Amino acid sequence: MSEARSGTSAPTVLRMILGRRLQEMRIGSGASLEDAAKALRVKTLTIRRLEKAEVPLKPLYVEKLLETFGAARQEIDEFVDLAEQANKPGWWHSYRDAVPSWFTAYVSLETGAKTLRTYEPQYVTGLLQTPGYAHAVLRGGLPNGSEEELARRVELRLRRQSLLERENAPTLWVVMEEAVLHRTVGGPQVMREQIERLLDVSELAHVSLDIVPFTAGAHIGACAPFTYFRFEEPELPDIVYSELLSAAVYFDQRADVVSHLEAHSRMALQTSSEDSKALLNRMRKEYS
C-alpha cells in the first residue's frame, strides 16, 4: 500500500488509491464481487462503487472486507486509518457553495497531481490568472451572479494557485492559443498585469508556457480546453479533464488519455519557449 503523504494526497485522490487497492486485494484473494457483497450483505453495485471511489469508504465496510480477503491485522488497521483520512473533506469543501459539484473532483486531482499539462484556447489557465483577470473571466461566465458569489469563486481560484508555491510543487506545462492574448479581458491594464504574470511564472523551473501562434493555422488541438493529470502514486491512472458549458468529462481510459497527451505534445511543437516569451513581450507593449 502506498504511503499517504500529508499535504500531497487530497481526500478524493486518496480514496481513489484505496479503492483500487481494495480491488487488487479482492482479486488477489480470489474473492468475486459477489463474495465481497455477501460479506457486507449489500449489492455487488455497492462493491463496484467502493472500488471506483464513487462513495466514501466506510471503516466498518473496509475492515470486514479486508478480513474476508485474509489481510493481516496490522494491514487492516493501517487501511482503516487511511480510509478515515480519505473521508475527511478537503480544504476546498468550504467553497462548495461557490462551485458546481462536478468541479470539486478537479480541485482534488489538481492538488494531488505531480504533473499537470493543460491546453487553453480561450483564456489564461486558472492557476496562472491574476486577481483582476480572474474576476473579469468569472464575471463574464456569471453575468447574473451576486458580487458575494463572484468573490467566493475568485478566492477559490487564487487559493488553488498556492500549489505552485509549495515545496513539492507539481510541474505545470501550459499550451494556449495566441487568441488568448488578444481577447481583452478586464481592460488593457488587467491584460498588461496578466501578461507580466505569465512572463514571471515562465521563469519558474517547474512551469513551462507555450503559446501557439496564429501562423500555426489549423492543428490537432483546436478544440475544447483540457487538463491532463499524472500522479506519483502508481495505483492511480493518468486522467484527463475536459470542461463543457455546464458539465465536465473525466477520461481515464488509456486510449482517451493518450490521444489528449499526443495532441498537447503536437501543439507544443508549433512554438518554443523563446518565441512564446517574445510574443508575450510584444503583447505587453500593445496593452501599455
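The values are calculated or read from the model by the stated rules, or taken from the named source; none is laboratory data. As the structure is a computational prediction, the values presented were derived from the model and not from experiment. Cβ coordinates were reconstructed from backbone atoms using ideal geometry, including for glycine residues, and neighbour counts include every protein chain displayed. Remember, those area values only see protein heavy atoms, side chains included, never the ligands or the DNA or RNA. Shrake-Rupley method; radii C 1.70, N 1.55, O 1.52, S 1.80 Å.
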One residue is enough: does region 206-213 have a residue meeting the conditions of a type in the set (A, V, I, L, M), open to solvent by 30 Å² or more (accessible area, probe 1.4 Å) and out of contact with any Lys or Arg (no Cβ under 8 Å at 6 or more places or on another chain)? no
Any pair with Cβ under 9 angstrom, 6 or more apart, that starts in region 228-249 at a residue that is within 15 Å of residue 99 (Cβ to Cβ) and ends at one that is open to solvent by less than 20 Å² (accessible area, probe 1.4 Å) and assigned to a loop (DSSP other than H, G, I, E, B): none
Hey, does region 207-218 have a residue that's hydroxyl-bearing (Ser, Thr, Tyr) and closer than 19 Å to residue 106 by Cα? no
May I ask you to list the residues in region 153-191 that are within 13 Å of residue 134 (Cα to Cα) and of a type in the set (Ser, Thr, Tyr)? 184
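Can you find even one residue in region 218-227 that is touching a Leu at 6+ places or on another chain (Cβ under 9 Å) and buried (at least 16 other Cβ atoms within 10 Å of the Cβ)?
So far as region 218-227 goes, yes, one or more of its residues are touching a Leu at 6+ places or on another chain (Cβ under 9 Å) and buried (at least 16 other Cβ atoms within 10 Å of the Cβ).
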Name the residues in region 228-254 that are surrounded by fewer than 14 Cβ atoms within 10 Å (Cβ to Cβ) and of a type in the set (Lys, Arg), would you? 254
Checking residue 66 against (1) in contact (Cβ under 8 Å) with a residue 40 or more places away in the chain; (2) more than 15 Å from residue 82 (Cα to Cα), the condition it does not meet: (2)
Take region 78-103 and flag every residue that is open to solvent by 80 Å² or more (accessible area, probe 1.4 Å) and either among the polar types (S, T, N, Q) or touching a strand residue (DSSP E or B) at 6+ places or on another chain (Cβ under 7 Å) (or both). 85, 101
Going through region 143-165 in order, the residues found to be over 15 Å from the mean Cα position of the chain (by Cα) and open to solvent by less than 30 Å² (accessible area, probe 1.4 Å) are 145, 150, 154
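From the list 130, 118, which residue is under 22 Å from residue 261 (Cβ atoms) and polar (S, T, N, Q)? I'd like the intermediate steps shown before the answer.
Values: 130 fails: under 22 Å from residue 261 (Cβ atoms).
Step by step, each of 130, 118 is checked, and only 118 is under 22 Å from residue 261 (Cβ atoms) and polar (S, T, N, Q).
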Would you check which residues across region 224-263 are of a type in the set (Phe, Trp, Tyr) and not in a strand (DSSP E or B) and list them? 231
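Listed here are the residues, each with its yes/no results for (1) of a type in the set (A, V, I, L, M, F, W, C); (2) modelled with pLDDT of 90 or more; (3) assigned to a helix (DSSP H, G or I).
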site	(1), (2), (3)
62	yes, yes, yes
81	no, no, yes
89	no, no, no
92	yes, no, yes
117	no, yes, no
